[in-house]
Amino acid sequence: MALTPSTMPPLGMPLPDATLADGNGSPFTLSALAGQHGLLVAFICNHCPYVKHLNPVLAPLGAILAEEDVGMVAISSNDPENYPDDAPEAMVRHAEACGYTFPYLFDATQEVARAFHAACTPDFFLFDSELKLFYRGQFDASRPNQGQPDGAELLAAVAALVAGEKPPLHQQPSVGCNIKWRQD
């Protein structure tokens, strides 16, 4: 497991819109998942200990965001040949077991992860109502075996977004497992 930080692309970057399928093959277009106030895109996977640490709070996060009219979607971009725990059929079982309240999509070509400049799991990107990047970075300061996740940083960014405020000045990169890129 290589500890990898997120790349922190520039605020204001437009949403790299795409259509991806979930583990059952149902297609979803990212921009269509946005709520009135915006969209949270989370790059996750099934096997990463950093994502496992957050799994108990991801489904409740989806419900909180829905109440604030912010859409949420999760994307797995890992190479399923070398990481079969992250294959689409495993994603379906994982989403059901975790009670995800949002689509969990598979980036088969890894082009969407590259367009987002995603580097790790988890990696969070919050877009405003114009689908411009408002926040990117960590969920909170907790880590596996180091505190309980509360989403402090991400929820503060959501509150600022919904209130029509400017993006938070201090945005800390997320850290986690590197995205498992295919070796073509």
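Nothing in this text is a laboratory measurement; each read-out follows from the coordinates by a stated rule. As the structure is a prediction and not an experimental result, all values here were calculated from the model. Methodologically, a virtual Cβ is constructed for each residue, glycine included, from the backbone with ideal geometry; neighbour enumeration extends over all protein chains shown.
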Spot the failing condition for residue 169; the list is (1) touching a residue at least 12 places away in the same chain (Cβ under 8 Å); (2) aliphatic (A, V, I, L, M); (3) outside any helix (DSSP H, G or I), and only one is missed.
(1)
What's the total number of residues in region 95-120 that are in a loop (DSSP other than H, G, I, E, B), within 13 Å of the chain's Cα centre (by Cα) and among the aliphatic types (A, V, I, L, M)?
2
In region 129-141, anything of a type outside the set (Phe, Trp, Tyr), assigned to a loop (DSSP other than H, G, I, E, B) and either touching a His at 6+ places or on another chain (Cβ under 6 Å) or surrounded by 21 or more Cβ atoms within 10 Å (Cβ to Cβ) (or both) is listed as 129, 138
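Taking the options 144, 103, 149, name whichever one is in contact (Cβ under 8 Å) with a residue 12 or more places away in the chain, in contact with a Leu (Cβ under 6 Å, 6 or more places away or on another chain) and either buried (at least 17 other Cβ atoms within 10 Å of the Cβ) or not β-branched (Val, Ile, Thr) (or both).
None of the others qualify; the one that does is 149.
Taking the options 115, 63, name whichever one is aliphatic (A, V, I, L, M), in contact (Cβ under 8 Å) with a residue 24 or more places away in the chain and under 16 Å from residue 40 (Cβ atoms). Give the steps one after another, and end with the answer.
On the way: 115 fails: under 16 Å from residue 40 (Cβ atoms).
The unique qualifying residue is 63.
Being in contact (Cβ under 8 Å) with a residue 24 or more places away in the chain and exposed (fewer than 15 other Cβ atoms within 10 Å of the Cβ): is that true of residue 84 here? If you could, list the steps in order and put the result at the bottom.
Numbers: in contact (Cβ under 8 Å) with a residue 24 or more places away in the chain: no; exposed (fewer than 15 other Cβ atoms within 10 Å of the Cβ): yes.
So residue 84 does not fit the description; no.
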Filtering region 70-101 for residues that are farther than 17 Å from residue 179 by Cβ and of a type in the set (Ser, Thr, Tyr) leaves a count of 2
Say whether the condition of being farther than 20 Å from residue 78 by Cβ and loosely packed, with under 12 Cβ neighbours inside 10 Å is met by at least one residue in region 2-13.
yes
Residue count, region 155-184 (criterion: under 30 Å from residue 46 (Cβ atoms) and among the small types (Gly, Ala, Ser))
5
Please go through region 64-81 and pick out each residue that is within 19 Å of residue 33 (Cβ to Cβ) and either of a type outside the set (Asp, Glu) or surrounded by 19 or more Cβ atoms within 10 Å (Cβ to Cβ) (or both).
64, 65, 66, 70, 71, 72, 73, 74, 75, 76, 77
